[in-house]
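The values are calculated or read from the model by the stated rules, or taken from the named source; none is laboratory data. Predicted model only: the values in this text are computed from it and were never measured. Heads up, the Cβs are rebuilt from the backbone with ideal geometry, glycines too, and the neighbour counts pull from every protein chain shown. Ligands, DNA and RNA are excluded from the accessible area calculation, which covers all protein heavy atoms including side chains. Shrake-Rupley method; radii C 1.70, N 1.55, O 1.52, S 1.80 Å.
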Amino acid sequence: MRIDVLTLFPEMFASPLSFSIVKRAQEQGLVEIALTNIRDFSIGDYRKVDDKPYGGGPGMVMMPGPVFDCHEHVTSLAPTKGRTILLSPQGTPLTQAKAAELSNEDRLILIAGRYEGFDERIRIGLGAEQLSIGDYVLNGGELAALVVIDAVVRLLPDALGDDDSAKDDSFSDGLLEYPQYTRPEVFRDMKVPDILLSGDHGKIAQWRRDQALQRTRQHRPDLLDDSDTPQ
Ligand code: ADE
């Protein structure tokens, strides 16, 4: 997979992309991540990329010209057109299912904006979908793009080692994950549940499922609303 990120702050990406699973996935050639600075496609002495909104109102809006030119350039860097995604609180929510869907693409082009948002013609003209990482407003799309990259890359085949697994992750079966314990058996008077020490794999699996359901009911009842709720 190739992931291109169009951003005004490429420096924000260096550290998060150079650790752990995302780092290893790049080294293994499972994903290539390329950063391009939108400001390199601005025109004029001031390298302007934003302007006042038509109709008035606070803040500034990302201008279409630099984003279009940047996108055109980036598109030409690889043979596949890919899927273009604007990070925006107006987008459809990022879910585990959406991350899994995106992990099947051979190319993603993520556009991280700043200011009050994008000129609407960017979304329309580039045929871009919009993705939100949650119902809150960030100062820009960079952290959201990093969240998308992190969630997608760990789902690429072979990204997780034998010791890690995405199959029991929260949401992978529509439920939150069950509680986990490791050594020591007793820590500050808190003991690992006996069932996990019993060696009875059937009972352990049942306990984990009950715990997952209980947690989901308590913290995320909305996940159980669907008609295909696991019982
Ligand atoms: N940009 C600003 N806030 C955002 C959010 N919640 N999700 C995605 N992009 C954003």
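Quick notes on this structure:
- Rounded to the nearest Hz, the phi-derived 3J(HN,Hα) couplings of the range 189-195 under the Karplus curve 6.51 cos²θ - 1.76 cosθ + 1.60 (θ = phi - 60°) are 6, 9, 9, 5, x, 3, 4, where x marks glycine and proline.
- Whole-Å distance, taken between Cα centres, linking the range 4-42 and the range 92-120: 15 Å
- Think of each Lys and Arg Cβ as +1 and each Asp and Glu Cβ as -1; about the Cα centre, that makes the dipole of the chain roughly 220 debye.
- Site-free segments of the chain were taken between chymotrypsin sites (Phe, Trp or Tyr not before Pro) in DSSP loops having at most 12 other Cβ atoms within 10 Å, sites themselves excluded; the longest one is 137-231.
- Karplus-derived 3J(HN,Hα), 6.51/-1.76/1.60, for each residue of the range 105-120, Hz, glycine and proline x: 7, 8, 8, 10, 10, 9, 10, 9, x, 10, 6, 6, x, 9, 4, 4
- Distant-in-sequence amide contacts of LYS48, defined by a placed amide H-H separation under 5 Å and a gap of 5 or more residues or a different chain, comprise ILE43.
- When the pairs LYS48/LYS98; LYS23/LYS52; LYS23/LYS191; LYS23/LYS81; LYS48/LYS81; LYS81/LYS167 are compared against a 32 Å limit on Cα-Cα distance, LYS48/LYS98; LYS23/LYS52; LYS23/LYS191 fall above it.
- Taking amide hydrogens as placed 1.01 Å from N in the peptide plane, the amide H of LEU86 sits under 5 Å from those of ILE111, GLU129, GLN130, LEU131, each at least 5 positions away in sequence or on another chain.
- A simple rule links phi to the HN-Hα coupling: the Karplus curve 6.51 cos²θ - 1.76 cosθ + 1.60 with θ = phi - 60°, which for the range 206-217 gives 5, 4, 5, 5, 4, 5, 4, 5, 4, 4, 5, 4 Hz, with x for Gly and Pro.
- Probing with 1.4 Å while keeping every protein chain in the model, the per residue accessible area of the range 168-231 equals 77 Å².
- Under 5 Å, built H, 5+ apart or other chain: amide partners of ILE3: GLU32, ILE33, ALA34, LEU108
- Cα long-axis angle, helix 142-153 against the chain (0 to 90 degrees, to the nearest 10): 50 degrees
- Radius ratio Rg over Rh of the chain, counting only Cα atoms, Kirkwood formula for Rh: 1.07
- Share of carbon and sulfur in the accessible heavy-atom surface of the range 87-165 [1.4 Å probe, %]: 46 percent
- DSSP beta bridge pairing in the range 2-153, given as percent antiparallel to the nearest 5: 10 percent
- Counted over the range 1-92, the DSSP beta bridges are approximately 35% antiparallel.
- Taking the convex hull of Cα positions in the range 21-75, its mean projected area over all directions (nm²): 6.0 nm²
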